[in-house]
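A quick write-up on the structure given underneath.
Values quoted throughout were computed directly from the atomic coordinates according to the rules given, and no laboratory measurement underlies them. These numbers come from a predicted model, not from an experiment. Cβ: placed from backbone, ideal geometry, glycine included. Neighbour counts: every protein chain shown.
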Amino acid sequence: MIDVHCHLNFKAFENDLEEVLERAKKSGVKKIINVGTSLESSKKAVELAQKYEELYAIVGIHPHHADKLSKGWERQIEKLLEQPKVLAIGEIGLDYYSYASNGIVDSNLQKEVFETQIKIAINKNVPLQIHNRQAGKDVVKSLKKYKNSLRNIPGMFHCFASDFQVLKEVLDLGFYIGFDGNITYEGIAKGEVIALFELLKRTPLNKLVVETDAPFLSPIPHRGSRNEPSYVIITAKYIAQLKGVSFSEIDRVTTKNAGNVFNL
């Protein structure tokens, strides 16, 4: 099993990272992809990938940080992409949800930073890991501008949530779809219109990947506590039930799919 998206580069893991990695290994998680949301956390993801064999990195600027950048940030991202074990640019995209801690960054600025990173990915020939929260139509619109220049497998959508039309368009563009521990939650998330299990039903197995987003979105029965990569097994088993297949099949298929996206 591969956890294709987590944040062991965040402070939540600074005191017990090696214990977390050991639990992941014992649970059957062979590879873990750490994802940056800023220049600082991207650099940390690269450092960890170089230190631990099972860790890999994705670097990029999250839409929350689009208004916190200094001149020359683009070149810094490009330099990070040149480092060993850096697989993609992410998590990048658009986010129109109003968080108590952050609010909503100006949408035009978000789009500018998003599309700049799409162009960097094209120039560096790396896949994209996309963040979308309540901005699906605009995310797809931006991606379609560059669809003829994207890789054959352009990347994946992290922690997918949207509607059926956006899901169809994303799949038509060639993207893979990631689901997290919140697939185990009942009901529909605030601001969304479709339950995640309904979106999962329409996601083909050959386009599915599994992730944790640790330290966030712990699956039931750990909801409310810190998430960690070993819990990707819980999410995968739940997805197997919803899909009506064995856990071993989900393990095999999603590992293969992650390899297809990130050349692992």
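Once you keep just the Cα pairs under 8 angstrom separated by 6 or more residues, what percentage relative contact order results for the chain?
Details: 538 pairs, mean separation 50.3, N = 264.
So the answer I get is 19 percent.
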Among the GluC sites (Glu not before Pro) within region 1-76, which fall in a DSSP loop and have no more than 12 other Cβ atoms within 10 Å of their own Cβ? Glu14, Glu53
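What does the net charge come to around Leu150 if you take all other residues with beta carbon closer than 13 Å to its beta carbon, with K and R at +1 and D and E at -1? Walk me through the intermediate numbers first.
Working: positive: Lys119, Lys124, Lys144, Lys145, Lys147, Arg151; negative: Glu115, Asp172.
After counting each charged neighbour, the total is +4.
Could you calculate the FRET efficiency of Ser225 with Ile188 from 1/(1 + (r/R0)^6), where r is the beta carbon distance between them and R0 is 22 Å, rounded to 0.05? Write out the running numbers ahead of the final one.
Numbers: r = 23 Å, r/R0 = 1.03.
So, using R0 = 22 Å, E works out to roughly 0.45.
With a 10 Å Cβ neighbour count serving as the proxy for reagent exposure, in which order, fewest first, do Met156, Met1 appear? Don't skip to the answer; put the middle values down first.
Details: Met156 28, Met1 24.
Going from sparsest to densest Cβ surroundings: Met1, Met156.
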Go through Trp73, Val245, Gln110 and say which Cα lies farthest out towards the positive end of the charge dipole of the chain; charges sit on Cβ, +1 for Lys and Arg, -1 for Asp and Glu. Val245
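Around Val86, what is the net charge, scoring Lys/Arg as +1 and Asp/Glu as -1 over all other residues with Cβ under 13 Å from its Cβ?
On the way: positive: Lys43, Lys44, Lys79, Lys85, Lys124; negative: Glu47, Glu78, Glu82.
Spelling it out: positives minus negatives among the neighbours equals +2.
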